[in-house]
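**Q** One structure, as structure tokens, below. Some questions next.
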Amino acid sequence: MSESSPYIHVAVAAVVNDNNEVLISQRKQGTHLGGYWEFPGGKLEQGESISAALLRELEEELAILPVSSRPLIRARYRYPEKSVLLDVWKISAWSGIPRGVEGQRIAWRSIDQLDRDVFPPADIPVISALQLPASCLITGEFASVSDFEQKLSAALRAGIELVQLRLTQDWLAANGRSCAAEIIDRCARLCKRQSARPVFNVPENLELPAGGAIHLNSRRLLDCERRPETDLVSASCHNRRELEHAEAIGVDFAFLSPVQRTRSHPDARPLGWDGFHALADQVNVPVYALGGLGQGDMETAWNSGAQGIAARGAFWK
């Protein structure tokens, strides 16, 4: 198939219940990708909006009507026989009881335990987006190990589920390896206690817990020819080149900044929401919006193609 072939625009619903389970359906044998499980939906009709397509598809396939929804992710994929653009929306409330109206098998599956091997390749970014929270804390300044512990504990109690521990080379030079090791250990232990995930943005010569998630700053990202061998990898990006390289090596998610002007980087030119959306929409990985943002920007972020908000000042009290 030609690389210039148009994408088929598909409205996709990630229907999520209060038990953090998502509704999936099995493609019928004899159809394209028959036997695979997928998120329900279908292609847009001529002149149809996303919201209208979701309403129609969910009623036709599952006998439900969406009540509360928001954008989750847009993902593109080229199969040998066709190219698809999945426009995925998270449905958190609906009317009716889901059933396989067209005779298809349906099932509720825990989001944390989704088996990527039974889904089509185009659906893999959707799983990544479902398994990530909307808010990510980037740790800021702290006066001591106990101060760090108090601030992180407060953020975790407030509902933070994803933490980027940021220790710079200058911080390491001023505080030493033993202090860094203690901070890394405290972060890992506190996150585990609260069922949150830590990602370590620290100098390369520091030891991480077994399987510790790695964050790549933009320099390390561009130096990487392949994904680091660990379960979770994220990257800092500021332009299209960095985003595309992050996708190419297989990071799980990225941060794109700065969206707005910040005090820490006053000379950096902000992307603005239009600039953020134009870049984030080009890659098939979840992208957090970063730079001068807070919880009040969440809806704007979702509508601009973001996984959610990453912040230091807003979440690190």
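**Q** As an exercise, identify the trypsin sites (Lys or Arg not before Pro) in segment 218-307 lying in DSSP coil whose Cβ has no more than 11 other Cβ atoms within 10 Å.
**A** Working: sites: ARG219, ARG220, ARG226, ARG240, ARG241, ARG261, ARG263; in loops: ARG226, ARG261, ARG263.
Within segment 218-307, the qualifying trypsin sites (Lys or Arg not before Pro) (loop, at most 11 other Cβ atoms within 10 Å) are ARG226, ARG263.
**Q** Is the shape of segment 1-134 best called rounded, prolate or oblate, per the rule: a/c under 1.5 gives rounded, else a/b larger than b/c gives prolate, else oblate, with a ≥ b ≥ c the square roots of the Cα gyration tensor eigenvalues? Don't skip to the end; give the middle numbers.
**A** Details: a/c = 1.37, a/b = 1.26, b/c = 1.09.
Rounded is the answer for segment 1-134, as its axis ratio a/c remains below 1.5.
**Q** Now for a different question. Please report the antiparallel percentage of DSSP beta bridges with both residues in the chain, rounded to the nearest 5.
**A** Details: 23 of 56 bridges.
Restricted to the chain, the bridges split so that about 40 percent are antiparallel.
**Q** What are the ³J(HN,Hα) values, in whole Hz, obtained from phi via the Karplus relation 6.51 cos²θ - 1.76 cosθ + 1.60 with θ = phi - 60°, for each residue of segment 7-22 in sequence order, with x given for Gly and Pro?
**A** Along segment 7-22, the couplings run 7, 7, 7, 10, 8, 10, 10, 9, 8, 10, 9, 6, 9, 6, 10, 10 Hz.
**Q** Moving on to the next point. So how far apart, in nm, are the two label points at GLU141 and VAL101 if each is 7 Å from Cα heading toward Cβ?
**A** Taking the simple label geometry, GLU141 and VAL101 are separated by 5.8 nm.
**Q** Assigning unit charges at the beta carbon (Lys, Arg +1; Asp, Glu -1) and nothing else, what dipole magnitude in debye, to the nearest 20, does the chain show about its Cα centre? Could the numbers behind the result be given before it?
**A** Working: 34 positive and 39 negative charges, 96 e Å.
Magnitude of the dipole: close to 460 debye.
**Q** A 21 angstrom limit on the alpha carbon distance is what I want to check against. Which of LYS90/LYS317; LYS43/LYS82; LYS28/LYS90 exceed it?
**A** Values: LYS90/LYS317 30 Å; LYS43/LYS82 13 Å; LYS28/LYS90 24 Å.
Exceeds cut-off: LYS90/LYS317; LYS28/LYS90.
**Q** Gain in length, GLU229 to ALA173, computed as 0.36 nm per residue apart minus the alpha-carbon separation, to one decimal in nm? Walk me through the intermediate numbers first.
**A** Values: separation 56, 0.36 × 56 = 20.16 nm, distance 2.69 nm.
Additional length available on full extension: 17.5 nm.
**Q** Still on this structure, I have one more. Any idea which of ALA122, GLN29, GLY275 is furthest toward the positive side of the dipole for the chain, if Lys and Arg beta-carbons carry +1 and Asp and Glu beta-carbons -1?
**A** Going by the charge dipole, the pick is GLY275.
**Q** Here's another thing I want to ask about it. Is it possible to state the helix-based mean residue ellipticity at 222 nm for the chain, with each DSSP H run of 4+ residues giving -39500 (n - 2.57), the sum divided by total residues, to the nearest 500 deg cm²/dmol? What is it? Intermediate values should be presented prior to the final figure.
**A** Working: 9 runs with 88 residues, N = 317.
Value at 222 nm, helices only, nearest 500: -8000 deg cm²/dmol.
**Q** Moving to a separate point now. If r is the Cβ-Cβ distance from TYR7 to VAL118 and R0 is 22 Å, what FRET efficiency results, to the nearest 0.05? Walk me through the numbers on the way to the answer.
**A** On the way: r = 24 Å, r/R0 = 1.08.
For R0 = 22 Å, the calculated efficiency reads 0.40.
**Q** Stretched out fully, how many nm does the piece from ILE111 to ARG219 gain, at 0.36 nm a residue minus the Cα gap? Kindly include the intermediate steps, with their values, before the conclusion.
**A** Details: separation 108, 0.36 × 108 = 38.88 nm, distance 3.27 nm.
Extra length available between ILE111 and ARG219 comes to 35.6 nm.
**Q** May I pose another question? Taking the structure as given and computing Rg and Dmax of the Cα atoms in Å, which label from (1) 20.6, 65; (2) 21.9, 69; (3) 17.9, 52 fits?
**A** Identified label for the calculated read-out: (1).
Rule-based calculations on the coordinates, nothing more; no lab input. In this text, all values refer to a predicted model and were calculated from it rather than measured experimentally. Positions of Cβ are generated from backbone atoms using ideal geometry, with glycine treated the same way; all protein chains shown enter the neighbour counts.
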